[in-house]
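Asker: I am attaching a structure below and will ask some questions about it afterwards.
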Amino acid sequence: GTKTSAILEVDVKDRTRPRLLISGHAEGEMWALATHPKKDVFVTGSDDGTIRTWDAIKHFSTSLSTMSDAVRALAFSPNGAELAAGLKNGDLVLLEFPAMKKIAELIGSGEAIHELKFSNNGEYLAAGYNDGLVLVFSTSKGFTKPIIFREHTEFISHLDWSTDGDHLLTNAGTNQTKVFCVSTGKEVANTEIQPASHTRVIDPTIQGIYPKFMKDVNDVNAIDVDLVSKLAVTGDDYGNVKVFQYPCTAPGSKAKRYIGHSAHVTNVRFNHSKKMVVSVGGADHAIFQWKVYQGMDPGKSHSHTVDSCDEDSDMSDAAELD
């Protein structure tokens, strides 16, 4: 093994020219993940300060870019032409993709950025910080003079935009949820707001992702929902990737569990076609690609599949991963 998770092939007859088969992230943890909105490409970022672009078909890293500090959040613009990177030191870097040329570096609160999300119309970029601030930058106004929401008292963990691009749904800390209206700059009641995505781990529609007797909601680090096929995939502190039917409102809802990561799963995302899921591990630096099988026999066994994921969860009729 190597420090940068590289695997090399060495010819015993010519050991001076090892061939790199694959490389990966190095020290620290890996939390940042974003899938391209139009292509079979995804990006990862870690505490080693690098952003790596991956070809999901060839299973190989196609580029590496070094940032000034640990990378904790990544987000693509709706057209995939820009990539936003949130760093542990609070820097927010906007990059041209796939060239990875720096377009701008935005000043935030100075605290670590845990989450980034562009609105579906591309008008706004929201950033969630460790001190509970949410900053919303306008792309049409050159990312200057962001709208600031200060209502959270704990670190921002997850963000989702509404379909109208005017409301921001947030999770923070242990159990805080809020909705903000960008046009008014105020917090609003969460009434009949349709999310354009669902990556929040705290919400009435997905409270079934937690076992009946789980008290710590921070055990589930990430969720992504295919709002069309009604599937939710999660990653948790126990190295599990789970698949649920969506919505799943009953505590301890049925799920399929997939193992492979040797550490906590920090992030999960569907790809643009919803036919693939990418999961990343924190301490193991591992990246897994899972193929989504719709309509598979739920009873068909796989070496990495456990149909009953908890004592309080029986076999699920959700689609399978492989």
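The values are calculated or read from the model by the stated rules, or taken from the named source; none is laboratory data. What you are looking at is a predicted structure, and each value in this text was computed from that prediction instead of being measured. Heads up, the Cβs are rebuilt from the backbone with ideal geometry, glycines too, and the neighbour counts pull from every protein chain shown. Please note that ligands, DNA and RNA were not included when accessible areas were found on the heavy atoms of the full protein model with its side chains. Shrake-Rupley method; radii C 1.70, N 1.55, O 1.52, S 1.80 Å.
Asker: Quick check on Ser138: is it touching a strand residue (DSSP E or B) at 6+ places or on another chain (Cβ under 8 Å) and free of Cβ contacts under 8 Å to residues at least 24 places away in the same chain?
Answerer: Answer is yes for this residue.
Asker: Could you tell me whether the range 197-213 includes any residue that is within 14 Å of Asn175 (Cα to Cα) and touching an Asp or Glu at 6+ places or on another chain (Cβ under 7 Å)?
Answerer: Yes, there is a match, as at least one residue in the range 197-213 is within 14 Å of Asn175 (Cα to Cα) and touching an Asp or Glu at 6+ places or on another chain (Cβ under 7 Å).
Asker: Look at the range 247-268 and say how many of its residues are open to solvent by 30 Å² or more (accessible area, probe 1.4 Å) and touching a strand residue (DSSP E or B) at 6+ places or on another chain (Cβ under 9 Å).
Answerer: 7
Asker: Within the range 153-197, restricting attention to residues that are in contact (Cβ under 8 Å) with a residue 12 or more places away in the chain, aliphatic (A, V, I, L, M) and assigned to a loop (DSSP other than H, G, I, E, B), which residue is nearest to Tyr124 (Cα to Cα)?
Answerer: Val182
Residue-by-condition table, conditions (1) open to solvent by 10 Å² or more (accessible area, probe 1.4 Å); (2) among the β-branched types (Val, Ile, Thr); (3) modelled with pLDDT of 95 or more:
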residue	(1), (2), (3)
Thr35	yes, yes, yes
Thr66	yes, yes, yes
Asn79	yes, no, yes
Leu87	no, no, yes
Pro98	yes, no, yes
Ile113	no, yes, yes
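Asker: Counting only residues that are in contact (Cβ under 8 Å) with a residue 24 or more places away in the chain and open to solvent by less than 70 Å² (accessible area, probe 1.4 Å), how many does the range 5-30 have?
Answerer: Residues meeting the conditions: 9.
Asker: Just to verify a result, which residue in the range 284-322, among those that are touching an Asp or Glu at 6+ places or on another chain (Cβ under 6 Å) and not hydroxyl-bearing (Ser, Thr, Tyr), is modelled with the highest pLDDT?
Answerer: Checked the range 284-322; the qualifying residue modelled with the highest pLDDT is Lys291.
Asker: Then there's this: Among the strands (runs of 3 or more DSSP E) lying completely within the range 239-290, list those that include at least 1 residues that are without any contact (Cβ under 8 Å) to a residue 12 or more places away in the chain and among the acidic types (Asp, Glu).
Answerer: Of the strands (runs of 3 or more DSSP E) lying wholly inside the range 239-290, none has at least 1 residues that are without any contact (Cβ under 8 Å) to a residue 12 or more places away in the chain and among the acidic types (Asp, Glu).
Asker: Okay, next question. Would you point out which residue out of Asp47, Asp55, Asp40 is open to solvent by 50 Å² or more (accessible area, probe 1.4 Å), at pLDDT 95 or above and within 23 Å of Thr266 (Cβ to Cβ)?
Answerer: None of the others qualify; the one that does is Asp40.
Asker: Considering each residue of the range 253-285, count those that are more than 22 Å from Val41 (Cβ to Cβ) and aliphatic (A, V, I, L, M), and give that number.
Answerer: Of the residues in the range 253-285, 4 are more than 22 Å from Val41 (Cβ to Cβ) and aliphatic (A, V, I, L, M).
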